[in-house]
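Worksheet for the structure shown next.
The values are calculated or read from the model by the stated rules, or taken from the named source; none is laboratory data. What you see is a predicted model, and the numbers here were worked out from it, not measured in a lab. Neighbour counts run over all protein chains shown; Cβ positions are idealised from the backbone, glycine included. For the accessible areas, the whole protein counts, side chains as well, though only heavy atoms, and no ligand, DNA or RNA atoms are used. Shrake-Rupley method; radii C 1.70, N 1.55, O 1.52, S 1.80 Å.
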Number of protein chains: 2
Amino acid sequence: MFRVMRISAVVLMGVCLFMASNALAGKVISNNSEWAKDFPEQYATWKETSKSDQIKDMLKEKPQLAILWAGYGFAKDYNAPRGHFYALQSNQNTLRTGAPIDSQTGPMPTACWTCKSPDVVRMIDEDGEEEYFTGKWAKYGEEIANSIGCADCHVSGTAELAITRDYAKRGFKEIGIDADKANANELGNLVCAQCHSEYYFKATAWTDSKGNEKTAKVVTFPWQNGVSAEEMETYYDARDFKDWTHKISKAPMLKAQHPGYEIFTTGIHFKNGVTCANCHMPNGTHNVSNPLENMDDTCLQCHDTSKDVLKEVVQTKFERKEELMEIAMNNLGKAHLEAGKAWESGATEAEMAAILQDIRHAQWRWDYSIASHGSFFHAPEETLRLLGNANNLAQEARLKLAKVLAKHGAAGFVAPDFSTKEKAQKLAGVPLKKLVDDKEAFRKGLLKKWGKSAVDAGKLDPAIKKGMSDNTSYN
Amino acid sequence: MFRVMRISAVVLMGVCLFMASNALAGKVISNNSEWAKDFPEQYATWKETSKSDQIKDMLKEKPQLAILWAGYGFAKDYNAPRGHFYALQSNQNTLRTGAPIDSQTGPMPTACWTCKSPDVVRMIDEDGEEEYFTGKWAKYGEEIANSIGCADCHVSGTAELAITRDYAKRGFKEIGIDADKANANELGNLVCAQCHSEYYFKATAWTDSKGNEKTAKVVTFPWQNGVSAEEMETYYDARDFKDWTHKISKAPMLKAQHPGYEIFTTGIHFKNGVTCANCHMPNGTHNVSNPLENMDDTCLQCHDTSKDVLKEVVQTKFERKEELMEIAMNNLGKAHLEAGKAWESGATEAEMAAILQDIRHAQWRWDYSIASHGSFFHAPEETLRLLGNANNLAQEARLKLAKVLAKHGAAGFVAPDFSTKEKAQKLAGVPLKKLVDDKEAFRKGLLKKWGKSAVDAGKLDPAIKKGMSDNTSYN
């Protein structure tokens, strides 16, 4: 856990020397706008991430997703990511976080805020990690007010980079990295990796100061065996961990979050010492964005190839990924639906066990390979290897299913069409209208209260709140 | 066809200017040793390719191959390539070229010599392309005496690079390259691409000077639509072309030869202007070899990374390819065997049509992706994309087969074990002992006569012949 101290300016220098290996010092300044005076350029470029505000409904783009995630929140709503400026709004608005009516109602735990706001750093500091990870998401609705910003990555009030989450430090330790001893270049990856990594919510029993037994859902990196898809799969399998039971196939599923750091380390840019910051924050801009938008400051710093050639190379990588990804997703979708039919037709647990394991592993590998930003570029070969692998396992499941279906008189079964979001969500049993109605009620009620409360308490700059476009759409 | 002229030294310079767009001039000097006096260093380094003389039986390494190629020559015998010095010996010794007993007997056509010897350039010059491509392989047994050497790539007696095969020029033209106008750098790829490309033997009717109607089997690059696996597949499909009918599955198969140039052009080294010669013939050595053996002169000319890091990067590329390749080969093998069982069980042509097409396409994509030297390095992403694709099609065939097998009462069929060369060749119906006995008789008889005849006629340096190890083994 963080050891955070209130310190006066007078002793700051001495403390900073003393705390060279502890990246965090002083009160957490979670209100991003408070940093503007000391760091005007950084603040201004951070605000530019607000330009990335368009909602792109990925369930419309890739309807297979609603089948693959049936029974899980992502089947309800899943958009392409926007700028850091909008990370918190996206988290509040998504159907996945549901429509709580007070601080006690779900569906999600507090852990769902963890990567979205510097207020998380403040709350962990104030309440302690165990308390922070206990309870429902809505518990911190009034506190978590700022989107990803300054105190997520920096020692408050300074330009010093910091690993602000202890669970990340513990994760790095699993793979032999002492984050407290990392140099500035290494931190150019690790600071980002605090959030751009795979994690799960590990149920952790603890006892509060009053002697009450509680269970925290602690964000945990599953890196004990290593960071490859197979090594994490082994970790989860050994613990019989599942994120959810698939609604159609009944497979015990894993949801990859965004193992961006992990897959990046398998690619050639990482191996050549390039960091996230080199390409996504060139010249110290805090407008974290696509390097292709600033090629002079990114690619061309190392490559003496023309922009057009480089763009074409990137485009080809993208298309190769798309091709194998579509194949894998289509076959995974069919595998779930064929497994559903097998259950309906009277298949037994024994007949289905190996099939469900294939589906679990297939989908995990698919998800690991593409869930993070730009894996097709960060690690094109690893991405293609995993997609090939994922599809093979999906097809193996389907081959076994063909025999089970034949045995139970359903040899002729053909999976129904899931080629649009509407069709796929229907098959996945998503009650979209009710979810949207409830969410809108939440947004007009509790969410508005949270925002007002944060502004009134001085935790959020009202100008930031006013500057936010809200082009959310659920259909 | 080549226009080759006997010219005196006096007019040579003028002719060379006149023939600036025609790379070949003068009598073809096919005897490699005749070049030694004028090009001693080049000759000496060419001879060093003789160090690459080990036989590696790929059917032992990858027993699936014997299933995949059942009914075709490669199921009999397939070794990893050796140095250029041994290319002709490998061609003469392989069971694939069979055991002719005279110049009229098969099984292979003359075209099988085409990439193995500078004597081919001479024979095409002397007999014309149509005559050269007509008749059985044994027809030229006494003529084709030198292994891949000087006159394959150079204007005879000079250092000038040359496209010595007209069919290659025609192929290049299909993709917009006028080889006669290529500069030295471009020739650093194109000269190699004459042989390191995909081709097929196109049956071509012609009438000889005596009015006899004949059929030539002309080496032809299937590049009319482009050089990608899919573009060539479309070319072959449009012509209903097949290399053979699979012995087990009855699928109309394509055999990729070695589309090395084609897949190289999809990779990053080609896109950055690196040529075959840059890495495989650094500093002008003619010991064409693995660039990792001379990293100071190859990789490190551009990369400022340590040798160990680069070797590790290459090794990882290799392992990724191996992984997806093994998966694809195993499933292709099963698809053939399951198709064989489906026929046995009474499947109809109509039931099998789509299955056989899937198998044809799956195996073509697999073969294209890995048949050439080092595709895993030359084009790692394209290789993985195609292997993923190939495996998916093999699995699609198997899914369809599961239904056909169930319909015909063979739902429980499990493909027999093909995990050793012996088991796989048995399933493929390869009569190995008879093939080897016949081959040995050929090697002791006709082949010896060919060699003696070539030496006696001054077409082959006896010292070269004596310097050849013969560690051939068929078991």
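Being open to solvent by less than 40 Å² (accessible area, probe 1.4 Å), out of contact with any Asp or Glu (no Cβ under 9 Å at 6 or more places or on another chain) and aromatic (Phe, Trp, Tyr) is a description that does not apply to A:PHE270.
Taking the stated definitions as given, is A:ASN272 modelled with pLDDT under 95 and over 16 Å from the mean Cα position of the chain (by Cα)? Against the criterion (modelled with pLDDT under 95 and over 16 Å from the mean Cα position of the chain (by Cα)), A:ASN272 qualifies. With respect to (1) surrounded by fewer than 24 Cβ atoms within 10 Å (Cβ to Cβ); (2) out of contact with any Gly (no Cβ under 6 Å at 6 or more places or on another chain), the lone exception for A:HIS336 is condition (1). The residues on offer are A:LEU95, A:LEU68, and the sole one that is within 18 Å of A:TRP113 (Cβ to Cβ), open to solvent by less than 10 Å² (accessible area, probe 1.4 Å) and in contact with a helix residue (DSSP H, G or I) (Cβ under 8 Å, 6 or more places away or on another chain) is A:LEU95. In this structure, A:LYS311 does not qualify as at the interface with another protein chain (Cβ under 10 Å from one of its Cβ atoms), under 30 Å from A:LYS51 (Cβ atoms), out of contact with any His (no Cβ under 8 Å at 6 or more places or on another chain) and open to solvent by 20 Å² or more (accessible area, probe 1.4 Å). Note on segment A:98-113: residues that are in contact (Cβ under 8 Å) with a residue 40 or more places away in the chain and touching a Ser or Thr at 6+ places or on another chain (Cβ under 6 Å) total 0.
Taking the numbered list (1) of a type in the set (Val, Ile, Thr); (2) farther than 30 Å from B:ALA394 by Cα; (3) part of a helix (DSSP H, G or I) in turn, B:THR316 passes all entries but (2). Remark: pairs (first residue in segment B:284-306, within 14 Å of another protein chain (Cβ to nearest Cβ); second residue exposed (fewer than 14 other Cβ atoms within 10 Å of the Cβ) and in a loop (DSSP other than H, G, I, E, B); Cβ separation under 7 Å; 6+ apart in sequence or on different chains) = B:THR305/A:ASN272. The set of residues from segment B:462-475 being open to solvent by less than 40 Å² (accessible area, probe 1.4 Å) and either out of contact with any Asp or Glu (no Cβ under 7 Å at 6 or more places or on another chain) or β-branched (Val, Ile, Thr) (or both) comprises B:ILE464, B:THR472.
Per this entry, B:VAL227 is counted among residues that are in contact with a helix residue (DSSP H, G or I) (Cβ under 6 Å, 6 or more places away or on another chain), under 27 Å from B:TYR132 (Cβ atoms) and modelled with pLDDT of 95 or more.
In segment B:340-372, which residues are free of Cβ contacts under 8 Å to residues at least 40 places away in the same chain and crowded, with 23+ Cβ neighbours inside 10 Å? The one that is free of Cβ contacts under 8 Å to residues at least 40 places away in the same chain and crowded, with 23+ Cβ neighbours inside 10 Å: B:ALA362.
Would you say A:GLY458 is surrounded by fewer than 16 Cβ atoms within 10 Å (Cβ to Cβ) and more than 14 Å from chain B (Cβ to nearest Cβ)? Yes; evaluated as a whole, the condition is true for this residue. Based on this model, can you work out whether A:VAL218 counts as surrounded by 15 or more Cβ atoms within 10 Å (Cβ to Cβ), touching a residue at least 40 places away in the same chain (Cβ under 8 Å), assigned to a strand (DSSP E or B) and in contact with a helix residue (DSSP H, G or I) (Cβ under 7 Å, 6 or more places away or on another chain)? So A:VAL218 fits the description; yes. Looking across segment B:227-264, the residues that are under 17 Å from B:LYS217 (Cα atoms) and open to solvent by 50 Å² or more (accessible area, probe 1.4 Å) come down to B:ARG239, B:ASP240, B:LYS242. Residue pairs whose Cβ atoms lie under 8 Å apart, sitting 6 or more positions apart in sequence or on different chains, and linking a residue in segment A:384-412 that is more than 9 Å from chain B (Cβ to nearest Cβ) and open to solvent by 10 Å² or more (accessible area, probe 1.4 Å) to a partner that is of a type in the set (Val, Ile, Thr) and part of a helix (DSSP H, G or I), are A:LEU393/A:ILE359; A:LYS400/A:ILE355; A:VAL404/A:ILE355.
A:GLY374 fulfils the conditions (1) out of contact with any strand residue (DSSP E or B) (no Cβ under 7 Å at 6 or more places or on another chain); (2) on the phi < 0 side of the Ramachandran plot except for a single criterion, (2). Checking the stated criteria, B:THR158 turns out to be closer than 23 Å to B:ASP38 by Cα and of a type in the set (Ser, Thr, Tyr). Checking the stated criteria, A:ILE163 turns out not to satisfy the condition of being modelled with pLDDT of 95 or more and either open to solvent by 40 Å² or more (accessible area, probe 1.4 Å) or among the acidic types (Asp, Glu) (or both).
Scanning segment B:116-153 for residues that are surrounded by fewer than 21 Cβ atoms within 10 Å (Cβ to Cβ) and within 21 Å of B:ILE163 (Cβ to Cβ) yields a count of 6.
With (1) of a type in the set (A, V, I, L, M); (2) closer than 19 Å to B:SER249 by Cβ; (3) within 13 Å of chain A (Cβ to nearest Cβ) as the list, and B:ILE355 as the residue in question, which single condition is left unmet? Going through (1) of a type in the set (A, V, I, L, M); (2) closer than 19 Å to B:SER249 by Cβ; (3) within 13 Å of chain A (Cβ to nearest Cβ) one by one, B:ILE355 breaks only (3).
The sole residue among A:GLU174, A:GLU143 that is acidic (Asp, Glu), in contact with an Asp or Glu (Cβ under 6 Å, 6 or more places away or on another chain) and touching a residue at least 40 places away in the same chain (Cβ under 8 Å) is A:GLU143. Among the residues of segment A:450-475, just one is more than 19 Å from A:ALA87 (Cα to Cα), in a helix (DSSP H, G or I) and not hydroxyl-bearing (Ser, Thr, Tyr), namely A:ASP456. Would you be able to say whether some residue in segment B:252-262 is assigned to a helix (DSSP H, G or I), among the hydroxyl-bearing types (Ser, Thr, Tyr) and closer than 30 Å to B:ILE355 by Cβ? No, the conditions are met nowhere in segment B:252-262. Scanning segment A:358-379 for residues that are part of a helix (DSSP H, G or I) and under 13 Å from the mean Cα position of the chain (by Cα) gives A:ASP367, A:TYR368, A:ILE370.
Within segment B:273-290, being out of contact with any Phe, Trp or Tyr (no Cβ under 9 Å at 6 or more places or on another chain) and not in a loop (DSSP other than H, G, I, E, B) holds for B:ALA277, B:ASN278, B:CYS279, B:HIS280, B:PRO282, B:ASN283, B:GLY284. Could you tell me whether any residue of segment B:44-56 is surrounded by 19 or more Cβ atoms within 10 Å (Cβ to Cβ), aliphatic (A, V, I, L, M) and in contact (Cβ under 8 Å) with a residue 40 or more places away in the chain? No. Restrict the check to segment A:31-39 and report whether at least one residue is open to solvent by 10 Å² or more (accessible area, probe 1.4 Å), of a type outside the set (Phe, Trp, Tyr) and modelled with pLDDT under 95. There is no residue in segment A:31-39 that is open to solvent by 10 Å² or more (accessible area, probe 1.4 Å), of a type outside the set (Phe, Trp, Tyr) and modelled with pLDDT under 95. Considering A:GLU382, A:GLU338, the condition of being under 19 Å from B:ALA390 (Cα atoms) and part of a helix (DSSP H, G or I) is satisfied by A:GLU382 alone.
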